[in-house]
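Novice: After the structure tokens below, expect a handful of questions from me.
The values are calculated or read from the model by the stated rules, or taken from the named source; none is laboratory data. Note that the structure is a prediction, hence the values are computed from the model and not measured. All Cβ positions, even for glycine, are placed from backbone atoms using ideal geometry, and neighbour counts span all protein chains on display.
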Amino acid sequence: MRDYRSLTVWQRADEVVLDIYRITGEFPVDERFGLVAQMRRAAVSVASNIAEAAGRSTDPDAARLLSIAAGSASELEYQLDLAARLGHTKDPIDVTLGYIGEVKRMLRSLIKHWRSGT
């Protein structure tokens, strides 16, 4: 069992969650049950699945959850880009997109490591 709070990938994912909540807080009201809910759910899914993976006793279980987190990160990456193209974001999204990319790279590395059992 690992302490998820000590994982750099979780720390970065947690920053992304906070960014997404801040960014989506400025979206139009008509997106509250659409894109806002989807983006927040995807962001929380990334950090939550990393935390759950850290609590698993076997590496294959952890790798499966990290794969789910990676999928949610890709989903969020698209949604953030879409929101910007729709004109919903007031601030630049480059930093947050960079954080999401960083999380995805770290997840790929961890998945590979935990699948190999080393």
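Novice: Scan (1) modelled with pLDDT of 95 or more; (2) touching a Leu at 6+ places or on another chain (Cβ under 9 Å) for the single condition Gly34 breaks and write down its number.
Specialist: Result: Gly34 passes all but (2).
Novice: Scan segment 69-102 residue by residue and report those that are farther than 18 Å from Thr8 by Cβ and in contact (Cβ under 8 Å) with a residue 60 or more places away in the chain.
Specialist: Leu76, Leu80, Ala83, His88, Thr89, Lys90, Asp91, Ile93
Novice: Test of understanding: among Ala84, Ala43, Ala47, which residue is surrounded by fewer than 21 Cβ atoms within 10 Å (Cβ to Cβ) and within 20 Å of Leu18 (Cβ to Cβ)? Steps first, please.
Specialist: On the way: Ala43 fails: surrounded by fewer than 21 Cβ atoms within 10 Å (Cβ to Cβ); Ala47 fails: surrounded by fewer than 21 Cβ atoms within 10 Å (Cβ to Cβ).
Only one candidate qualifies: Ala84.
Novice: Name the residue that is farthest from the chain's Cα centre (by Cα), counting only residues in segment 20-49 that are within 13 Å of Ile93 (Cβ to Cβ) and charged (D, E, K, R).
Specialist: Among them, the one singled out is Glu26.
Novice: Any idea which of Leu107, Leu66 is surrounded by 12 or more Cβ atoms within 10 Å (Cβ to Cβ) and without any contact (Cβ under 8 Å) to a residue 60 or more places away in the chain? Working first, answer last.
Specialist: Working: Leu107 fails: without any contact (Cβ under 8 Å) to a residue 60 or more places away in the chain.
Answer to the check: Leu66.
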